[in-house]
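First up is the structure itself, then whatever we jot down about it.
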Amino acid sequence: MNKTPALLLALTSALLAAPAFADAVSWEKVSKEALAAREGKELDKAVGLYRKAVEDARASALEPKFVALSLNDLGLCLLAAGQKGEAEKYLLEAIAVREKAYGGQEPTLVPTLGNLGQLYKGEKQWDKARQSYERAIAIVEKNSSDKDVKLIPLVNALAALSMEAGANEEALKQLTRVKELAAASGDKGAQIIALNNMAVVLRKLDRKDEAEALYKDVLALQGDNSPADQAGRGENAEANKAAALTNLARVNREKGQFEAAKPLLMEACELLQKGKDIRPESLVTAYDNLATVSKELGDYADAIKYYRLALSQQEGIKDTSADVRASRMTNLALALVSSGEMKESEELFKKALTLLEEKYGKDSIKLAPALSNLGELYRQQEKYDAAEPLMKRSFEIREASLSATDAGLADGANDLALLYKEIGRESDSISYFEKSLAVREKSPDSPELATALNNLARSYRQSGKLDKAEELYKRALAMRERLSGPSDQSVAAVLRNYAVLLRQMGRKPEARALDKRAQAIEDSAQ
């Protein structure tokens, strides 16, 4: 038998297969170039190369998993480039290719489902994000087990969605599962992240003691990690422990336990000062936290010391924004005011104001707090001629920039009202107290609204507008009783003011009754 035709057929098949092999080589080469461009932040170039990789994969009749991989990579690159609509299209196509070829429980669907969940989360499409993550979790559990470490980032992502939605109890359950998965796998880094996240949720639920216990667990885990272990994971032992100490201090501050918080923050600062490769911004934040808790304890010398260190460290950081520099100056200036060091505080307030003016112009809303701070400093020094134009300019900027319901507008009006009251311009004072109240009344009842009512009532009383004053005192009293309880000290303050008015109106028995009630509240607090 003549075998030549069969031989020719084999050779022809080999020749026909050659272009596909060449395309496969091209696909791999283009894919590597695309990855390099993406890692080099050349996103436009990377997108073009990934599009070619998709074309090459399809043209070469590569296995569907390679087509899907290129589609996934293209979707991710488009997402990084901010082209979210196209990114979604290609991620969904990658899923469809895998489903058609391998079925709906294919393990390689998991990364693309996670990417799709990330996209939907960024777009605040919570239900779609949840569905993507839940499907990915179900696939991992079916193909492996409910203890697989690949579940950690997926369940973590679900917990983040629950936190965004305010479903904190659900988030707590999910984070508890992450903690257990991490503990079972021996991944202390993942455990620490889970414990920190759980503590954040517990703080939102006002379960501060439980949060504190978790932060202590984090510190214990940090202590278990050897420097070699942490270095192997690219971690910084000092920075990690400092973060854990800061979190524990935050809980103590929230519980009003400032004395317990301060030594923790001091230890955090010391660790960061000694540590290697510490970001300067981390040390600035640590100094700022320590200064703040010192101020809360009334230790203004320490507050000034650490605010100085924060400002000095910040000034050494290249390209620090005007906002950040002004904020650091303001923190130090306010602490100096509290300790009576007015001259230096004035210089710092002026520097902060100049920085913001140069950056944003003279009419920016960014200037309003800086103007108020300098104006308030002058008011305290009884430099009223210097204070008034600053406070007035601050109010006018707020009035031009803020909505009619913004609390900042009410604050600006209140500052001017107090200034005018001090210098005896009662009519102007009442006018601005009325403006402040008008803003507050556009929002739900609040302690600030009750204060605005009380302030205007007092001005009305002092101006002889007794009936108007009584109406406002009644409202302020009812509001504070409802918001804070009938035995709160703020209620006693309104009762005292109202009693003064009743005496002025000749209603002495009623005044004595209010004074008696106020006295009982004040005595109960001692």
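Can you tell me which residue within the range 452-477, out of those that are of a type in the set (Gly, Ala, Ser), closer than 16 Å to Ile430 by Cα and buried (at least 18 other Cβ atoms within 10 Å of the Cβ), is nearest to the chain's Cα centre (by Cα)? Walk me through how you get there before you give the answer.
The first filter runs over the range 452-477 and keeps only residues of a type in the set (Gly, Ala, Ser), leaving 452, 457, 459, 463-464, 469, 476.
In the following step, the residues that additionally are closer than 16 Å to Ile430 by Cα were identified as 452, 457, 459, 463-464, 469.
Cutting the leftovers down to buried (at least 18 other Cβ atoms within 10 Å of the Cβ) gives us 452, 457, 459, 469.
Values: Ala452: 30, Ala457: 38, Ser459: 40, Ala469: 42 Å.
The qualifying residue nearest to the chain's Cα centre (by Cα) is Ala452.
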Failed criterion for Ala400 (all others in (1) out of contact with any helix residue (DSSP H, G or I) (no Cβ under 7 Å at 6 or more places or on another chain); (2) within 16 Å of Ile304 (Cβ to Cβ); (3) part of a helix (DSSP H, G or I) hold): (2)
Taking only pairs six or more apart or across chains, which ones have beta-carbon atoms under 7 Å, a first residue in the range 303-315 that is under 18 Å from Ser339 (Cα atoms) and in contact (Cβ under 8 Å) with a residue 40 or more places away in the chain, and a second residue that is surrounded by fewer than 24 Cβ atoms within 10 Å (Cβ to Cβ) and not acidic (Asp, Glu)? none
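Given the structure, is Val178 surrounded by fewer than 19 Cβ atoms within 10 Å (Cβ to Cβ), closer than 30 Å to Lys65 by Cβ, without any contact (Cβ under 8 Å) to a residue 60 or more places away in the chain and not assigned by TED's automatic domain parsing to the domain that holds Ala68?
For Val178, the condition - surrounded by fewer than 19 Cβ atoms within 10 Å (Cβ to Cβ), closer than 30 Å to Lys65 by Cβ, without any contact (Cβ under 8 Å) to a residue 60 or more places away in the chain and not assigned by TED's automatic domain parsing to the domain that holds Ala68 - is not met.
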If you take just the helices (runs of 4 or more DSSP H) that sit entirely in the range 33-108, which of them hold at least 1 residues that are among the polar types (S, T, N, Q)? 64-80
Among what's in the range 317-339 and is out of contact with any helix residue (DSSP H, G or I) (no Cβ under 7 Å at 6 or more places or on another chain) and more than 16 Å from Asn373 (Cβ to Cβ), pick the residue that is surrounded by the most Cβ atoms within 10 Å (Cβ to Cβ). Ser321
When (1) of a type in the set (A, V, I, L, M, F, W, C); (2) surrounded by fewer than 19 Cβ atoms within 10 Å (Cβ to Cβ); (3) in contact with a Lys or Arg (Cβ under 9 Å, 6 or more places away or on another chain) are applied to Leu119, the one that fails is (2)
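Are any residues in the range 143-165 part of a helix (DSSP H, G or I) and either in contact with a Pro (Cβ under 9 Å, 6 or more places away or on another chain) or free of Cβ contacts under 8 Å to residues at least 12 places away in the same chain (or both), and if so, which ones?
So the first thing to find is which residues in the range 143-165 are part of a helix (DSSP H, G or I), and the list is 143, 151-164.
Asn143, the sole residue that qualifies.
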Take Arg480 and decide whether it is buried (at least 20 other Cβ atoms within 10 Å of the Cβ), in contact with a Pro (Cβ under 9 Å, 6 or more places away or on another chain) and closer than 27 Å to Asp515 by Cα. yes
Taking Leu297, is it crowded, with 20+ Cβ neighbours inside 10 Å, under 24 Å from Arg203 (Cβ atoms) and free of Cβ contacts under 8 Å to residues at least 60 places away in the same chain? no
Odd one out for Lys124 among (1) at negative phi; (2) among the basic types (Lys, Arg); (3) surrounded by fewer than 18 Cβ atoms within 10 Å (Cβ to Cβ): (1)
Scanning the range 70-93 residue by residue, the ones that are buried (at least 16 other Cβ atoms within 10 Å of the Cβ) and either touching a residue at least 60 places away in the same chain (Cβ under 8 Å) or of a type in the set (Gly, Ala, Ser) (or both) total 3
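For (1) in contact with a strand residue (DSSP E or B) (Cβ under 8 Å, 6 or more places away or on another chain); (2) modelled with pLDDT under 90; (3) assigned to a helix (DSSP H, G or I), each residue gets a yes or a no:
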residue	(1), (2), (3)
Val201	no, no, yes
Asp206	no, no, no
Leu221	no, yes, yes
Ala231	no, yes, yes
Ala239	no, yes, yes
Ala244	no, yes, yes
Asn247	no, no, yes
Would you check which residues across the range 283-307 are out of contact with any helix residue (DSSP H, G or I) (no Cβ under 6 Å at 6 or more places or on another chain) and over 13 Å from Ala249 (Cβ atoms) and list them? Gly298, Asp299, Ala301, Lys305
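Looking for whichever is crowded, with 16+ Cβ neighbours inside 10 Å, more than 29 Å from the chain's Cα centre (by Cα) and not β-branched (Val, Ile, Thr) here; the options are Ala417, Ala410, Ala370. Which one fits?
Numbers: Ala410 fails: more than 29 Å from the chain's Cα centre (by Cα); Ala370 fails: more than 29 Å from the chain's Cα centre (by Cα).
Exactly one of Ala417, Ala410, Ala370 is crowded, with 16+ Cβ neighbours inside 10 Å, more than 29 Å from the chain's Cα centre (by Cα) and not β-branched (Val, Ile, Thr), namely Ala417.
Of the residues Val30, Val67, which is touching a residue at least 12 places away in the same chain (Cβ under 8 Å) and touching a Leu at 6+ places or on another chain (Cβ under 6 Å)? Don't jump to the end; show me each part of the working.
Working: Val67 fails: touching a Leu at 6+ places or on another chain (Cβ under 6 Å).
Going through Val30, Val67 in turn, just one is touching a residue at least 12 places away in the same chain (Cβ under 8 Å) and touching a Leu at 6+ places or on another chain (Cβ under 6 Å): Val30.
Yes/no matrix, rows are residues, columns are (1) small (Gly, Ala, Ser); (2) in contact (Cβ under 8 Å) with a residue 24 or more places away in the chain:
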| residue | (1), (2) |
| --- | --- |
| Glu441 | no, no |
| Arg458 | no, yes |
| Lys468 | no, no |
| Leu477 | no, no |
| Gly485 | yes, no |
| Ala513 | yes, no |
| Ala520 | yes, no |
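Take the range 279-296 and flag every residue that is out of contact with any Asp or Glu (no Cβ under 7 Å at 6 or more places or on another chain) and not charged (D, E, K, R).
At the first step, the residues of the range 279-296 found to be out of contact with any Asp or Glu (no Cβ under 7 Å at 6 or more places or on another chain) are 279-293, 295-296.
Matches in the range 279-296: Pro280, Ser282, Leu283, Val284, Thr285, Ala286, Tyr287, Asn289, Leu290, Ala291, Thr292, Val293.
The values are calculated or read from the model by the stated rules, or taken from the named source; none is laboratory data. In this text the structure is predicted, and so the values were computed from the model without any measurement. Please note: Cβ atoms are built from the backbone with ideal geometry, for glycine as well, and neighbour counts cover all protein chains shown.
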